[in-house]
Each structure stands twice: as structure tokens, then as C-alpha cells.
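The values are calculated or read from the model by the stated rules, or taken from the named source; none is laboratory data. The structure displayed is predicted, hence computed values, not measured ones. Every residue, glycine as well, gets a Cβ built from its backbone with ideal geometry; the counts of neighbours run over all protein chains shown. Accessible surface is based on the protein model in full, side chains and every heavy atom, while ligands, DNA and RNA are left aside. Shrake-Rupley method; radii C 1.70, N 1.55, O 1.52, S 1.80 Å.
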Amino acid sequence: MRLTCPFCGSRGLEEFTYRGDATVRRPSADASQEAWVDYVYLRDNPCGPHRELWYHGAGCRSWLVVTRDTRTHQILDVRNARDVMLAERMSPEGKGEGS
Amino acid sequence: MSAAFGQTFRVKSGNGVDVSRTLHFSFDGKDYTGHPGDTLASALLANGVRLFGRSFKYHRPRGLLSAGPEEPNALVELRDGARREPNTRATVAELFDGLIATSQNRWPNLSFDALGMNGMFSSILGAGFYYKTFMWPASFWERVYEPIIRKAAGLGRAADEGDPDLYEKATAFCDVLVVGSGSSGLAAALAAGRAGARVILCEQDSLVGGRLRDEHMALDGKLAWQWAEQARRELEAMPDVSVMTRTCVFGTYDGGTYGAVERVADHVAVPRVGQPRQCLWRIVARECVMAAGAIERPVVFPHNDRPGVMLAGAVRTYINRFGVAPGRRAVVYTCNDDGLRTALDLYRVGVTVAAIVDSRPGGASIAAEVAAKCGARFFPSGAIVDCYGRTGVKAVLVRDAAGKAKSVSCDLVAMSGGWSPNVALTTHKGARPTWHDDLCAFLPFTLPPGMAAAGAAAGVFDTAEGLHDGAMAGQWAAVRCGFEATLPALPEAEPTSYAIHPLFHALKGLAASKKAKAFVDFQNDVTAKDVGLAAREGFVSVEHLKRYTTLGMATDQGKTSNVNALALLAEITERSIPQTGTTLIRPPTQPVAIGALAGAHRGRHFKPTRLPPTHQWAEQQGAVFTANGLWLRAQWFPRAGEKDWLETVSREVRTVREAVGFCDVTTLGKIDIQGPDAAEFLNRVYVNAWLKLAVGRVRYGLMLREDGFAYDDGTTACLGENHYVMTTTTANAGGVMAHLEFCHQWLWPELDVQFISVTDEWAQLAVAGPKSRDVLAKIVDAPFDLSNEAFPYMAAAELTVCGGVKARLFRLSFSGEMAYELAVPARYGDALARRLMEVGAPFGIAPYGTEALGVLRIEKGHPAGPELNGQTTAHDLGMGRLLSTKKDFIGSRMARRPALTDPQRPTLIGIRPVNPMDALVAGSHFLPQGAAPTAETDQGWLSSVAWSPSVGSWIGLGFLTDGPARHGEIISVHNPLAGAVIAARVVDPVFVDPKGERLHG
Amino acid sequence: MADLLSATLPVVSDPVTVGGVTLELVPPTSIVSLGAFAGAGRDELVGRVRAEFGVDLPDVSRAVRSSYGNVAFLWNGPTQWLVVGEDSGELFSRLQKCCGDVCALTSQGDSRTILRLSGMGAREVATRLLPIDLHGQVFSTDCVASTLAGHIPVIVWQTAQTPAYDFLVFRSFASSLFHDLSVALNGHTFSETDHYA
Ligand SMILES: [Zn+2]
């Protein structure tokens, strides 16, 4: 499998490490225990396009939001995670999005 | 029968063989000659050798079936000694001078094999034999069956020694990958190459051309193989085209990635010094033209496995490419026009064509004309219903259209059941091919992204059409890569016919005993009877059939057998072939040596080695080294007269406790953290408070994972406003860096902070012991003040040492003694160690290794890797009070879960055996004294142990239920592996200087 | 002072030349990492560096060389650069004066060892270890890539058209990388053609 890092270009899988679901959001410190359990342990296993976090550790050390089709391993989109999060914070409905 | 009487079957100069040079080789101890360009198979055939090996299960004599990588029968051992290589296909083993080959799976020799009688027991070794046998008493299997099967079945012997050769792995990139260099592949490469695309053309053979070399055929009025060579020369002259021969593309992977193995030096006796024997290529291609050709199918008839029964196309290969006639008197058995070419080629080189048996009715093809031309008896609507000759064909029994059987004497049977496109590479990502009745073949349907199939691999069997198909595919591949491409001018080819009528077997109306000798899978000895039996027993799914009979599961992966088996199963179950299904083909398409997959990464170089800055010095000191992750660290420094490691380590520990020692601790992860929000960032990743750490001070920090369990610990020093240097454990250095980047980039992108690793920048040496300050006084430059008042415990400073070398000094202690960590730029680390030895000599200085480091920290009760094992909490580690309640930090919420703070959780304690000499073993379990060792009575575990010279006893650290409240209690330390129980007292984990007075001295 | 510590090289092997390709250790240089602070603004940093060194910090993965001072700026991540110059203490203090208040400066001259592979055919050898496309159309002089050489993390910088590649590798890995590169160097063959046409 190959991922196209927005900074480094197309690179082989061995340069990246997988973290997991990029749709969950860290709850606030005073959020309920249920919200925290959900964030730490519970994950959906979608069939089809899925947004997930990858780390270009052997490259530019950027965290990336990768949209991957879990059925075909087709990579539909790769973005710099920091930009994704900053944009989310800037948007009016951004805060508190996700779970 | 195969005495070396010379190459009496060499009839002419084949287009791929250089008869002007002679090579010498041996097979089963006999000497033979051949020529450059020969394979082991063609050379032996030229010498009249028919018998190549014994079959896997029944030990039946076997000869060559094919002339290519699909060969199921002719598996041999190549070379000897450490380079002995079993199960090599003689059909792809290139001949070299001095080659030693041995047949396998026979005892005592090839023509008389004592286990050939397995054939007599074929009724009990049939389909499902292994599974059924398992149902017998299990003890029978181990004592009786397995030893017999091990001796009887099985293939060659692997070398006993390590592989002496080198292997390599590399990555290649191109616009267009072309797989196969037959007419279609060459045309595709020419079209894409001329358009300017970067092209890689992979050919598994040593020569390009594919069937252009195998057929007697003209292109543009020249011999076809000459056009192939001309195309190769043109391609090689293009700067961005690479023609890789001896390179098999074995797998299709995600993202336009292909696996290929290049046999760099398999065709020579020994690679030249430094040369890899094979290279594993990962080819990244934007487009791929898959033109891997097709594989001919045998026909299933009784005794179709006799040596001398060959595929018709392979016979033509031996004649045209190698100049070898595989027999003197041949019978051609075909269901298609392509098979008839064989009769013409045989006739042309003077081989008697005794008969043409065509399964099609007379007048339905050109067979009658061909028969007349060759002077062969013609059997329209005919079938071969038996075959005679134990170690080589002597005659066949032909049934004519009227149903009358006639014996025809011959020493060669050339059979063709039609051609199966080589679709393997199109199926590796899960797509199944579809059946086409008109071609009697599976053709690719859904292709992996970026791949096109062309030529015979796509069911285009005519040469002119194949050239055009390949050229189109190459052109479009180049266009999709953004090149302007046109169709190249293509050579004129004579029209060829591939009219086919389905023929998979000739068993209609034959007795069951005949079916038991009609082979479907030659390599795994699966017969038509086995397929029938499996179907009757209910294994009607092709996947079940495969597993039950082992059909298609040998090293050839059923290349010549899968379609015939499927057709037989379809017939028995009265379904069509598409209804019956097809099995998916997985990579690799051909066997790949483990050595090639490992590449250069084996033995000592399996992983890279990281050397600390003092490595050269430590080597000169005679240090014993240990691997610590990738790092190679000094474990201890033995001295003359010390009887074992324990004496050495104990001496090193005493030196630190009584005088001064030093140790290279460079391997701890060091991360430089700067930025206006650096303190806030630390405050969020560590459990304790960080906002008020003053410049010039160091603090211990504990990190949790988000689930509340302990992750890593270390110290972080504040070197300036907004400037910190963090240390991590050696094991987690990389992980912590990724964690910090994650927190910064994803969780808190608003924080203004920068990180960079400085692990390698600084050689960091711990100088520990009551005399450490005296030693450092000889190193630091004036006017730096080392006094306890000016530079107390947990102080940090930037300074110069040894007359101007920039340095960092931290007053830290892992040992519990007064201690410092001194960092200098890595290039000076080696010299610093030497200097410490020099200036420390009057104080009794000695280096210590990781083993003494471990003893010192256990004596001091400092948790390390065995305690931070991913299952312990801050509370378990006795650090519950560090957890700030005034801030959010990673793990803060989940660490407050009741179960994680339950006092009943096993908590850090020290352990002292009642008898100080009782050796403790890490991993032992804690039980109340006298309790039976069960899961219910288990109260914790022993994590770290050491012989403590300071205490004069074995000591340990561990986790015990309600531990801190039980100091003084005697418990059982149970090691179930050794069946040992030791009585031990629970004590405070700090064995040495519990008040910490030495730290602050 | 007389008792100054002497420096030790990270690789003890002598340069190796096979088939016109040379593998050697580059003498220690000054390397300083430069990490932009978000607050100060990247433009401010770029402007300061332009004023002092006359070049724009690259925003893609490549190196730019300062026309004076013999300094190169290598892209090393979206907010980080490596400044490579002659081995002296001056580079750090010059950078500190130039932009020390708007970025993080960290010495990296001892972290990173530079191994150089040069000569006709150097690309063929580098290809054996690097999983990136080194074709001249894609990777040319002053292109830079952070990647893996086999299992070892490296920053690769093509420093000359010939070609020459500088491998910036963590010092502790330098001996291992030197070994791996020399194995690739010795195994490197120009394709032999032995057909009998
Ligand atoms: Zn990247």
C-alpha cells in the first residue's frame, strides 16, 4: 500500500504507522465517564471509506488524516492532521463535533 | 537407460542455444554435456534422459511435462553443500559449467525406487487420506503413520548449513510495467517506450521473446525470435526503459505495487564476491500491462504421467529454442489447431509422427491435412485411453471414432488440452476471472486499478492480434501516464488458428481402475478417481475439493491442473464450469526464496545496530555488550581474575556505592522542546505540575496513556525560558516522540511548541558515587561552582568542561548516590570517558554497565521497564500522589476510574528472601504463605530481581495486593516453571538510603 | 587549552570505491535545526533568513543554498529546516542573532553524520536501499527526502548532478548505514546481457 503524504509525496507503507479512527474527538476533562470510555475504547468498523490517523514517522513526522476504503484499501484522500484540526476549531460548528 | 552417450537428441541449433561452446554437468552422478542457453531439462533431454524424478505420493517415475516454470514433475536438487537447493524445476534451471544436479524423492535410485510400491497402495492413499488417518487413534499417528509418510512422501532436502549467498531488496519506479516479453509484451513496451514513458519490462526467462522463440514462425519475413531480439535492442537503447530478464513478477499489491524476484546469479555456479544471488524488487508502477502469456493444459487419460508424455507446446519449445527432439517417434494428441503445429515441427526435424489423435470430428479442422503432410496416421474423434512403458512411453492405446482401440508404438506423446491464460496477477486483489466457452478458458474480468491484460494472458492467441493487442495496451498505458503515444509499426505475422473443442479428459466409459491412474495434478498425485471420490463424499465446492485432495496445493500451485480438476468436478456434479467456480490465486505466482524476502537483513544485520558514543572505548576496555532495543550497550566491564559476571557486576555496584563509577546513558531518549507554550504542553502530557519549573532545575515526570495506565517516565530540565530538554526511557524514545507529535498536531494544534530529537546530539554519561563531585571538579571549567549550595540535587546547567567543550550538567541520580549526568557533544563522548578514567583514577573510578545500572536502581526502588509494563498505574507504582487534580492531562480522566485506584490492586513493594541466598526469579507469583497456588490466591508478581551486594541478599521489586500495608509480612514467592517456592519478606521498595540523604550530600 | 577533548569520528571505515562509485564519511559540519514558532509567523522567519542569508526557506522538500556563507537550508518537515554549514561555532550564533527569537534553534551537528555516495552509478547503488524514486526527472540536485535506507531513517540530499547523495543519518546508526551502503556498493552490477543471437 502507498500513501501520498501532502509534504513528501507518494511513499510506501513502511514509512507510516497506523493509529486509528480519526473521527473520534478527545472529550473535555469534565465529560462523563461514558464519553471517555467511548473515546478510549469503542470504535466503529465501517465498511467503505473511513477516516483514520496515520503518522509519517519515517518521513516528515506529520500526522495525517487518511480516507481509506476498508474494502479495497483504495486511498481516497490524505490531509495534514494539524490543518484538519485547526480548520475544525475555526469553523463555527467545529467545537464539540464528533463524540 | 540414461547412459551418457552424448547429445544424440540434439537435432539442430536451437535459437536460444550456443552450440559452439560446451558445458559439462552431472545428474545423479553421471556426467553430461550441454550448451550455454540450455536449461537442465533441455540438456538432459538432448542426452536422451527421460526420467527426472519420482512423484510425491506414489513415487511414480516422472519425466518432463513442460518447458517452463509451470513444471510439476521435474523437480531436482541443484548444487551441493551449503548451496544445495531442493525442488528446483529443471525446466527453468539454466545450465552452467560444473552444475551438479540430483534427482529427489527416490531410494535407492531413480530407476529402481523401493517405495514405488506406494503405487500399489494407492487405494488407501487416495483423496482425504491424511484427514481420514487422523481419525484413527492419535497415538498411531505419531508412532506409525507420520514416520512412514515422512520417509515416503516429501520432496527434496534443504541444505544443512546456512545459506552462504547474499540477497538484496530494492525498489523500482516506472510509468508502465510490462510483465512478459512475448509478442504482446514487447509490442507494449515498444509503444510505451517510444512515447517517452519510463518502462520496466520484466521477463522471467533468461531471454526475451516468449513463444516467439518457441515457435517456428516468421515476422516480417524474418524468424520471429530475431524480431524479438531486435525489439530488445531497441528497448535497451532507450534511456528510460529497463529490460529485466530472469525477473519474475510474482504478486500484485495495493497502490500499483508489484513484487518481483530477479535471479541475478542463479545461472552461475557461485556469484562473484559481493554480488547478490537474487534481488527482491518492489516495483511501483502507475500502469501495468500484464502480458504473461498462457499455460497449456494436459489431457487427463490413464497413465498420462509416463515419462515422455509432454505438453505439445513444450515439445515445440525443445525443438525450436533448444534444438532438441524429445523423442524419435511421436503421437500428437490435441483438441485444438495449435496442437497440430507440434506435428509439423516434429516432422520438420525428422521425428516420425506416428499418429495424430484429434478429439474433434474429421473435417472439423486442418488436422487431416497436417496428418497427410507429416505422413501420420490420423484419428479424428479419437482418444488416448492408455499409455504403456514404466520408465518411459513405449506405446499408447488409441480409440478411434468407431470406438475400436489400436496400439500405436511411440516414445513421445505431445498433448494439448488448450491454453489457460496466465491470469494470476489479475486475481491477487480478489477479482475472479470469468469462463469463456469459445476459448475454453478463464479470462480476466475485473482488473486491479492501473492494470491491463494483453495477448495470450487476455485470451488473444493469434500472433498478429497479440502484437496489436500489446501495442494498444502499451499505448494506452502511456497515454494514461500523460504521454502522447501512437501505435508503433508492427511486423507482419502469418495468421495462426486456435480453433478449439473442449477436451479435459479421455475417460468416458473407462473402468474405475483406469481413472485411478489418470493424473490431474501431477505434483500432488491427484487422480481423476480422487476428484470423483471427493465429489461423492460431498466435497463439491471447489475450495473444499482443493483442500480435501490437496489438488493445486503443491509448489506449482496447480498451474497445469486447476482447470482440468474444475472441469471434472463440473461434469461429475452436472454443473457448468462457471457454476462450479474457480479458486482464487494468491501471490506468489512462483516460489520465492525466503532469503530473497529477507534481503540483506539477516544474521547480525537483521536489524541495524546503534552504537553509543563511547562504544570504541568500551570495546578497548573489554566490555561485554548487550542489545537494548537497537542499541548495543556495555553490560559489564570484566577485570582479570573475576570469576564470573556476578562478581564483576557486584564490584561495579560497590564502586558506585563506595567511591565513584560512570556509565554511558546516551541511549535514553532526549527531546529538545522549545516554544512559548512549552511549559503548558509539558503540563498536559505529564501527570504532575510543570508550570513553575525554574530555569536551571530538573523535575521527574510520569506520563500516562489516555486509558490511565503508566506509559513512560523520565526527567525534564528547564534550560531557559521556553526551552526544555526531556528524557525518556531507552525503549520508548521513538514512541514518546510520536506521542508528543500526536498531542501537538492533533489534540492541541493551538499550542506554539517545537520538538526535535537530541538523543544522538549529546553523549551523556552518568557519574555516580560519593566521590562523583570530586571527579567532576577535575572536569568542569572555572568558575562553575559544584558545591551542594550552588548546584543542588535536581539542578541543571549549561557550562563548559575540559577547557572549553560545551556541556550540560544535570544533578540526577538513578542509583541513589550523589550523582550527575554530564552531556557533551557526541563527538567528544569517547574522549570524555577516557578523561574520566584518567582524572577519576585517584578516587577509584570504574565504568559500570547496564547490569550494575539495573542492580543500583533496584536497590533504590526505582521502577523501570519491568515495572512500566503497560499494565500498571501511577498508584501501582507508588506514585498516586503525583497525579495532579488541578489540571487536565493525558490519562487524567481514565486514571480516576475506581478500579485503577483500588487499594486492592497489586502495588509496588520490595522483596527480601528470608534466606538471603535464595535466588529470586522475575515473573514469580506472590501467594499468602501456605496458600495453594491457584488463580484465586494469586496476589501479584515479582517484576525485577538482583543480587544486592549492598544489602548482602537477593532482592526484588514487585506488585502485591495492598502492598504498602503489608511491609514486614512473610509471603510465598512461587515460580511454577521451576516448581520452586521461596519464603520472602515484604519490605519497602527502597533498600538503600531510604531517607535520600546521599542524594543531597 | 591543552586538555581539550579530541573528537571521535562516528565511522572508523576508510572510504570505499567500487566501479567508480565512492562511499565516504563527510567531515563534521555544523548543522542547526530551525523550528518556526507559530506565534511569530512563518513570514517573519522567512523574511529574517532572507535578509541575513539572501535565500527563501524552501516550502517543499528540497535544499536552497545561500550565495554567501556556504550555508544550505534543508526542508525537514512542514515547520522545520536543517541549516548545514561549515564546522564552526559561528553558524549557531549567526542564526541566533538572525532569528533566535522567532524560532527554535537546536544544534544537530553531532546528531547527524553525513555519508556521501558519489560517482556515475551512485543512483543505482542508492536505489538498492532507498524506497523512493531517484530518477532525474523526479529527484535532482538539491532535492531532499526524509525516508528509510533499508531499516535506517535518513535524510537524503542529492548534492551534485554526477550524481552525489548525502545521507544525513543519526550518528549512532552511522556504522550500520556505512555497512549497508558498502554491501549495496559491492553488489552493484551493470546488467550483463548474455543472449546468443
Ligand atoms: Zn511526510
Item to check | Tally of residues being open to solvent by 50 Å² or more (accessible area, probe 1.4 Å) and either small (G, A, S) or farther than 21 Å from B:H1000 by Cβ (or both) across the stretch B:773-808 | outcome: 8
Checklist entry - Is it true that C:V154 is hydrophobic (A, V, I, L, M, F, W, C), without any contact (Cβ under 8 Å) to a residue 12 or more places away in the chain and over 30 Å from B:S20 (Cα atoms)? => result no
Next on the checklist: Just the residues that are acidic (D, E) and either touching a helix residue (DSSP H, G or I) at 6+ places or on another chain (Cβ under 7 Å) or within 16 Å of the ligand (Cβ to nearest atom) (or both), please, taken from the stretch C:118-149.
Outcome noted: C:D133
Item to check | Verdict on B:A191 being open to solvent by less than 10 Å² (accessible area, probe 1.4 Å) and at pLDDT below 95 | outcome: no
Item to check | Complete set of residues in the stretch B:256-277 that are of a type in the set (S, T, N, Q) and at pLDDT below 95 | outcome: B:Q275
Item to check | Test: A:V65 is assigned to a strand (DSSP E or B), within 16 Å of the ligand (Cβ to nearest atom), under 14 Å from the mean Cα position of the chain (by Cα) and more than 8 Å from chain B (Cβ to nearest Cβ) | outcome: yes
Checklist entry - What residue, of B:V76, B:V92, is open to solvent by 30 Å² or more (accessible area, probe 1.4 Å) and within 21 Å of B:D305 (Cα to Cα)? => result B:V92
Item to check | Count of residues meeting criterion [touching a residue at least 60 places away in the same chain (Cβ under 8 Å) and not hydrophobic (A, V, I, L, M, F, W, C)] in the stretch C:125-140 | outcome: 1
Checklist entry - Does the stretch C:16-32 contain at least one residue that is farther than 28 Å from C:D180 by Cβ, out of contact with any Leu (no Cβ under 6 Å at 6 or more places or on another chain) and not aliphatic (A, V, I, L, M)? => result no
Item to check | Sole residue being at pLDDT 95 or above, within 15 Å of the ligand (Cβ to nearest atom) and either more than 7 Å from every other protein chain (Cβ to nearest Cβ) or surrounded by 20 or more Cβ atoms within 10 Å (Cβ to Cβ) (or both), chosen from A:L3, A:L42, A:L76 | outcome: A:L3
Item to check | the stretch C:101-160, subset within 13 Å of chain B (Cβ to nearest Cβ), hydroxyl-bearing (S, T, Y) and within 24 Å of B:W281 (Cα to Cα), residue surrounded by the fewest Cβ atoms within 10 Å (Cβ to Cβ) | outcome: C:T127
Item to check | Count - residues of the stretch B:598-628 that are assigned to a helix (DSSP H, G or I), modelled with pLDDT of 95 or more and either more than 9 Å from chain C (Cβ to nearest Cβ) or farther than 21 Å from C:A174 by Cβ (or both) | outcome: 3
Checklist entry - Has the stretch C:179-196 got at least one residue that is more than 16 Å from the ligand (Cβ to nearest atom), free of Cβ contacts under 8 Å to residues at least 40 places away in the same chain and within 30 Å of C:S93 (Cβ to Cβ)? => result no
Checklist entry - Can you name the residue in the stretch B:708-726 that is open to solvent by 20 Å² or more (accessible area, probe 1.4 Å) and not charged (D, E, K, R) and, of all such residues, is farthest from the other protein chains (Cβ to nearest Cβ)? => result B:T715
Checklist entry - Can you name the residue in the stretch A:6-36 that is at the interface with chain B (Cβ under 8 Å from one of its Cβ atoms) and more than 16 Å from the ligand (Cβ to nearest atom) and is also farthest from C:T79 (Cα to Cα) among such residues? => result A:Q33
Checklist entry - Between a first residue in the stretch C:1-30 that is farther than 23 Å from B:A763 by Cα and a second residue that is among the aromatic types (F, W, Y), which pairs have beta carbons less than 9 Å apart while being 6 or more apart in sequence or on different chains? => result C:V16/C:F178; C:G19/C:F190; C:L23/C:F178
Checklist entry - Looking at this structure, is A:H50 surrounded by 15 or more Cβ atoms within 10 Å (Cβ to Cβ), within 17 Å of the chain's Cα centre (by Cα) and away from the ligand (no atom under 16 Å from the Cβ)? => result yes
Checklist entry - Within the stretch B:881-891, can you find the residues that are surrounded by 20 or more Cβ atoms within 10 Å (Cβ to Cβ) and either part of a helix (DSSP H, G or I) or among the small types (G, A, S) (or both)? => result B:G891
Checklist outcome for this item: If we keep only residues of the stretch B:828-865 that are within 19 Å of B:V951 (Cβ to Cβ) and outside any helix (DSSP H, G or I), then the residue farthest from the chain's Cα centre (by Cα) is B:K860
Item to check | Subset of the stretch B:237-287 that is of a type in the set (A, V, I, L, M) and more than 21 Å from B:E94 (Cα to Cα) - its residue that is farthest from the other protein chains (Cβ to nearest Cβ) | outcome: B:M238
Next on the checklist: Looking for something open to solvent by 10 Å² or more (accessible area, probe 1.4 Å), farther than 28 Å from B:Q616 by Cα, away from every other protein chain (no Cβ under 14 Å) and of a type in the set (A, V, I, L, M) - is there at least one such residue anywhere in the stretch B:815-833?
Outcome noted: no
Checklist entry - Taking the condition closer than 27 Å to B:T655 by Cβ and not in a strand (DSSP E or B), does B:S943 pass? => result no
Item to check | Breaking point among (1) within 16 Å of the ligand (Cβ to nearest atom); (2) away from every other protein chain (no Cβ under 13 Å), for C:T17 | outcome: (1)
